[in-house]
Amino acid sequence: MIKKVRLIISGRVQGVGFRFWVKGKVKELGLNGWVRNLETGQVEVVLEGEESLVKKMVSECRQGPMLARVDKMEVFEG
């Protein structure tokens, strides 16, 4: 089953390689999507693909790369 989610991630997520990390993980998992910095200091991620892989990526985003700190993550489905 194909699933699509939009994530809004808050914390120390800009200037720490978060977008680059997301792009690499998305490619590694074979998902479609994009990532961008928001003016609010948050990062927005849109993912689409096999449900189990999307869930795995959402879980990975809760941690982020080594230098990042994820304080909050909102998940919007569909």
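What the table shows:
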quantity: In Å², nearest 10: area of L38 left accessible to a 1.4 Å probe; calculated: 40
quantity: Degrees separating the helix 51-63 axis from the principal Cα axis of the chain, which is the longest one; calculated: 10
quantity: Label zone at F20, where the point sits 7 Å out along the Cα-to-Cβ direction: the range 47-78 residues whose backbone N lies under 19 Å; calculated: 61, 63-70
quantity: Positive minus negative residues near K4 (Lys, Arg vs Asp, Glu; Cβ under 9 Å); calculated: 0
quantity: Table column - 3J(HN,Hα) (Hz), the range 65-72, Karplus curve with 6.51, -1.76, 1.60, x for Gly and Pro; calculated: x, 3, 7, 7, 9, 8, 8, 7
quantity: Net length gained if the chain between E51 and K72 were fully extended (0.36 nm per residue, minus Cα distance); calculated: 5.4 nm
quantity: Under Karplus coefficients 6.51, -1.76 and 1.60, residue-wise ³J(HN,Hα) of the range 8-13 in Hz, glycine/proline x; calculated: 10, 10, 10, x, 8, 10
quantity: Selection of GluC sites (Glu not before Pro), the range 1-48, meeting DSSP coil and at most 10 other Cβ within 10 Å; calculated: E39
quantity: Crossing angle, helix 18-29 versus the chain [Cα axis fit, 0-90 degrees, rounded to tens]; calculated: 20
quantity: Spatially close lysines, pair count over the chain: Cα under 19 Å, gap of eight or more or interchain; calculated: 18
quantity: Heavy-atom accessible surface of the chain: percent carbon and sulfur, 1.4 Å; calculated: 49
quantity: Accessible area, probe 1.4 Å, largest first, for residues M1, M57, M66, M73; calculated: M66, M1, M73, M57
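The values are calculated or read from the model by the stated rules, or taken from the named source; none is laboratory data. For clarity, every value in this text was computed on a predicted model and none was experimentally measured. Backbone-built Cβ (ideal geometry, glycine too); neighbour counts: all protein chains shown. Side chains are part of the model used for accessible areas, which takes the heavy atoms of the whole protein and leaves out ligands, DNA and RNA. Shrake-Rupley method; radii C 1.70, N 1.55, O 1.52, S 1.80 Å.
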